[in-house]
Amino acid sequence: MDRTPVEIHDSYITLGQFLKLADIISSGGMAKPFLQQMEVFVNDEPENRRGKKLYDGDVIVIPNIGEFQIQSSDENHP
């Protein structure tokens, strides 16, 4: 499966913000129920915290939805 790049403009983004930015959910309020109902993996580890920080290079896999990779354009990112 090809990874879809998701560009962020800061050094990190939360999992809840990512779900909205990637158009997986339509509003931030849907993050908690989505994470309770769906399997989500961050760097091959199961994750259900909407506040989980995602950094440049992190890989998010949501079975039957897609595989995504965070790409930061933050100039302060090492």
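Each value in this text was obtained by applying a stated rule to the coordinates, not by laboratory testing. Only a predicted model underlies this, so the values are computations on that prediction, with no experimental measurement involved. Don't worry about glycine lacking a Cβ; one is built from the backbone with ideal geometry, like all the others, and counts go over all protein chains shown.
If you go through region 15-41 one residue at a time, how many are of a type outside the set (D, E, K, R) and closer than 14 Å to Thr4 by Cα? Matching residues across region 15-41 total 5. One residue stands out in region 26-47 among those that are within 12 Å of the chain's Cα centre (by Cα) and under 16 Å from Val61 (Cβ atoms): the one that is surrounded by the most Cβ atoms within 10 Å (Cβ to Cβ), namely Val40. All conditions but one from (1) touching a helix residue (DSSP H, G or I) at 6+ places or on another chain (Cβ under 8 Å); (2) buried (at least 17 other Cβ atoms within 10 Å of the Cβ) apply to Phe18; the one that does not is (1).
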